[in-house]
Structures are given as C-alpha cells and as structure tokens.
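Student: The structure is given below, and queries will be raised subsequently.
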Amino acid sequence: MIVKTTAILDISVGTADTAYALKLIGKPGAGINVLRNLSGASARSVLIGARALAYTGAAVVGGFLTSLIAFGGLSDAIENEDNVSIVANSAIMLSGVMLGLSVIKFSILPTLGPIGWVMLLVATASIFFWGSTPLETWVKKGFWGKKRYFYWNDQNRRNINELIKSAEILANEEIADIAKQHIARLELVVTGQVDAVAGAGLPMNKQIEDYMLISQGFEKELYEYDIQAGLKISKISQSYYRISCAEFRRTEPTTHNLVINLYQWGSALAHPIKRFYAGAAGEVTFYLTDNNIHIKEVRIIAEFTDKEGDTFKDVYLSEEFENKTKEIQQQALSAMKKAMDEGYSE
C-alpha cells in the first residue's frame, strides 16, 4: 500500500514538473498564498491555491515515503553486498529529499524537482536492469558463490578446495549422530524445555563443531531458496489440498497464524478451514470434508503470519471455479458484442 501511494505521489509531482518545464501549465506550486486570504479570493484563485497546496503536499509526502522505502532497500542491499543497489537506493533517497525540498521557494531549490525525478527514474531502472535478483543473491551467498555466505557463521570465504574438504564431514554418520543430538539439545535449551547443563555429557570436538556449522549453513541455503516461492496452495486429490511454505519450518502453523478461508463461486461468504495437519517438511494439508465443506467450485485464500510479523499469502482457484468464471466472461463479451452490432445496424 505504501509503495503504491508513493508511486502515485511521485508520478503526480513528476508529471506536474514535466508539464511546467514544457510550458504546458503554470508553476504547480504557484498560488498557494491565495489560500491565506480566502475572503478576498475569487473562485478561480481559490482553485489555483488548492491545486498548489495539493502539489506541495504530494511533493513533501511523496519525497519522504520515497526516501523511507529506499532506506529499506539500502539496508537489504548492504546486507547482500549488492553494489549496484547500494548506489541506486542511495540515489533514490537523495531524490526523495530533492523532491521534498523542491517546493521551497528559495535560491535553486525549486529546480531540484525535475532533477530529483530524473535521478529517481535512472536509479530505479539501474536496480531493475543491473541489481541482483533474490535468486542471484542466493547463488552468491551459497556454498559455490563469491559473497559472504550462509556457512561457517558468515566468515570470509576460504579456498574452495579447503571448503570442499571440510564439507566431507557431512558424510560421517557417527559424527552426524552426535552433532544432531547437540543441535536438538540446543533447540530445547533455547525454548526453555531443558536446562543448559543437560546433555553436557555429549562429546564435543572440532569435527562435531564443523558438522554443526556446515549442516546449519546447508539448512540456511535450502531455506533461502525455498522461501522465494512464498506460500503456495495446491490440490493433491479430490477435496484434499496442500499448503507449502518454507517458513513453516521456523514458525509452527496454527489456527491463529494461518488463516484459510474458502469461498464458493458467486458467494462472498467465507468458509474457514479450522482442521488442518502440519507436517515436518514445511507443509500443511487439509480435507474439505473434515471441515464439513462439500463444494467443487471453490476459491481458497490462505494467509500466514510468521513469528516476526511477516505475511505470506496465496489464492487458489479450482478448475470448476475458473471454468465458471470464464463462462460468465464469455457471456458478458457475447452480450457486449451483440449490443454493439445492434447499435451499428441501427
């Protein structure tokens, strides 16, 4: 919502500035002083003042929101070591400030609007064409990449041959068994289910430490890849559905954080899915019949909120629902065509 609002405001201000530069309209911010004395202002003057006030507000708010969004992008770019996006988001932040200052009638400040607008367009295009996509970032941070990465507590990379040699420890079943016990105990300690002293009798050495670090890095790499798919609803069989999301591995899905609603075609009444089954592989399954639902033409909306407050959402349309929708669309198009033909024949 914030991104859409910002885009609308920036485009509005940019269009007004461009039109002014082409001498198609007067200065957008001119006339704002008229509003200070409404009693002596004509209707046209009040209209001009209102337009100026709207332009000023759009420039200030749009510039602030642009800088705010770019700051978030800059933080992600720094974390991902994406140099193009670092420079581009910094430029977008500066352009947001310039858009906001352009409404101030002092010295060269009014000329900053068009400059900021051009800078915004160039920086955004740079991110689109040359910035790293999430998948590219994942490759760079993976085992075979070049950036700082998921493994060995994000240490600087060592020689690849040395890393491959270290990773061979994952094939040692004896070490794996002990390491998994350590990992399971640490999870219990973190959740407060056992005392930190419990399990102190388990052996610990350099091999076990390496196994724990590498295996956890491998899990991070798999998670970062799978999470890019977001949340997906799919049909397994008749009345049997699956919801997949990598975040299910970290935040257990419950009826409180996973909301599933089903809608019959042509109805706005929501049928909540309260009975579902969470598996260990990051999947949730449910039967419509278990929820006393016997409908074929269905639209399913699922929304999941993880423990950090981030949301994942997907919409599924059954084949019957889609066919019904297409049928109605075809009928509407046929009716429009018939009406147009009859209108031309007259």
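Student: Tell me whether region 293-346 comes out rounded, prolate or oblate; compute the Cα gyration tensor, take square roots of the eigenvalues as a ≥ b ≥ c, and use a/c under 1.5 as the rounded threshold.
Tutor: Numbers: a/c = 7.19, a/b = 2.54, b/c = 2.83.
It comes out oblate by the Cα gyration axes.
Student: Using the Karplus curve 6.51 cos²θ - 1.76 cosθ + 1.60 with θ = phi - 60°, work out ³J(HN,Hα) for each residue of region 265-270 in order, rounded to whole Hz, and write x for Gly and Pro.
Tutor: 4, x, 10, 9, 6, 8
Student: Once the piece of chain linking residue 285 and residue 261 is laid out straight, how much longer is it, given 0.36 nm per residue of separation minus the C-alpha distance between them? Intermediate results must be reported in sequence, preceding the final value.
Tutor: Numbers: separation 24, 0.36 × 24 = 8.64 nm, distance 1.39 nm.
Gain on stretching residue 285 to residue 261: 7.3 nm.
Student: Near residue 208, within a Cβ-to-Cβ distance under 15 Å, what is the net charge of the other residues, with Lys and Arg +1 and Asp and Glu -1?
Tutor: Values: positive: 180, 185, 206; negative: 168, 173, 174, 177, 209, 210.
Here the charged neighbours net out to -3.
Student: Which trypsin sites (Lys or Arg not before Pro) does region 148-181 hold that lie in a coil by DSSP with at most 16 other beta carbons within 10 Å? Before the final figure, lay out each step's value.
Tutor: Working: sites: 148, 157, 158, 165, 180; in loops: 148, 157, 158.
Sparse-neighbourhood loop trypsin sites (Lys or Arg not before Pro): 148, 157, 158.
Student: Expected output is a single nm value to one decimal: the length gained when fully extending between residue 71 and residue 146, i.e. 0.36 nm times separation in residues minus the C-alpha distance. What is it? Provide the component values of the computation, followed by the final result.
Tutor: Details: separation 75, 0.36 × 75 = 27.00 nm, distance 2.51 nm.
Contour length minus Cα-Cα distance gives 24.5 nm.
Student: Here's another thing I want to ask about it. Could you go through region 311-317 in sequence order and give the Karplus-derived ³J(HN,Hα) for each residue, using 6.51 cos²θ - 1.76 cosθ + 1.60 with θ = phi - 60°, rounded to whole Hz, and x for Gly and Pro?
Tutor: These are the phi-based 3J(HN,Hα) values: 10, 10, 9, 8, 10, 10, 10 Hz.
Student: Let me ask something else about it. Filter 140/180; 141/220; 274/296; 146/206; 296/324; 235/324 down to the pairs with a C-alpha to C-alpha distance above 21 Å, please.
Tutor: Values: 140/180 28 Å; 141/220 10 Å; 274/296 18 Å; 146/206 25 Å; 296/324 11 Å; 235/324 18 Å.
From the list (140/180; 141/220; 274/296; 146/206; 296/324; 235/324), the Cα-Cα distance tops 21 Å for 140/180; 146/206.
Student: Please get the size of the charge dipole for region 217-346, origin at its Cα centre, with Cβ charges of +1 on Lys and Arg and -1 on Asp and Glu, quoted in debye to the nearest 20. Each step should come with its number before you reach the end.
Tutor: Working: 16 positive and 21 negative charges, 74 e Å.
Roughly 360 debye for region 217-346.
Student: Another question about this same structure. Based on the Cβ-Cβ distance from residue 242 to residue 159, what FRET efficiency comes out when R0 is 51 Å, to the nearest 0.05? List each step's numbers first, then the result.
Tutor: On the way: r = 43 Å, r/R0 = 0.84.
So, using R0 = 51 Å, E works out to roughly 0.75.
Student: Run through region 281-346 and list the trypsin sites (Lys or Arg not before Pro) located in a DSSP loop whose Cβ has at most 15 other Cβ atoms within 10 Å. Walk me through the intermediate numbers first.
Tutor: Working: sites: 296, 299, 307, 313, 324, 326, 337, 338; in loops: 296, 307.
Passing sites in region 281-346 are 296, 307.
Student: List, in order, the whole-Hz ³J(HN,Hα) value for each residue of region 219-229 obtained from phi through the Karplus relation with A = 6.51, B = -1.76, C = 1.60 and θ = phi - 60°; use x for Gly and Pro.
Tutor: Working through the residues one at a time gives 5, 4, 5, 5, 4, 5, 6, 5, 5, 5, 7 Hz.
Student: Within the set of other residues whose C-beta is less than 10 Å from the C-beta of residue 320, count the net charge using Lys and Arg as +1 and Asp and Glu as -1. Could you put the intermediate results ahead of the total?
Tutor: Numbers: positive: 296, 324; negative: 297, 319, 322.
The answer is -1.
Student: To continue, here is another question. Considering only protein heavy atoms, with the full assembly of protein chains and a 1.4 angstrom probe, order 258, 333 by accessible area, largest first.
Tutor: Details: 258 5, 333 105 Å².
Most to least solvent-accessible, the answer reads 333, 258.
Student: Can I ask one more? Express in Å², to the nearest 10, the accessible area of residue 143 obtained by rolling a 1.4 Å probe over the protein heavy atoms while all chains stay in place.
Tutor: The value for residue 143 is about 20 Å².
The values are calculated or read from the model by the stated rules, or taken from the named source; none is laboratory data. Just so you know, these numbers come straight off a predicted model, no measurement behind them. Positions of Cβ are backbone-derived with ideal geometry, glycine not excepted, and every protein chain shown enters the neighbour counts. Side chains included, ligands, DNA and RNA excluded: accessible areas come from the protein's heavy atoms. Shrake-Rupley method; radii C 1.70, N 1.55, O 1.52, S 1.80 Å.
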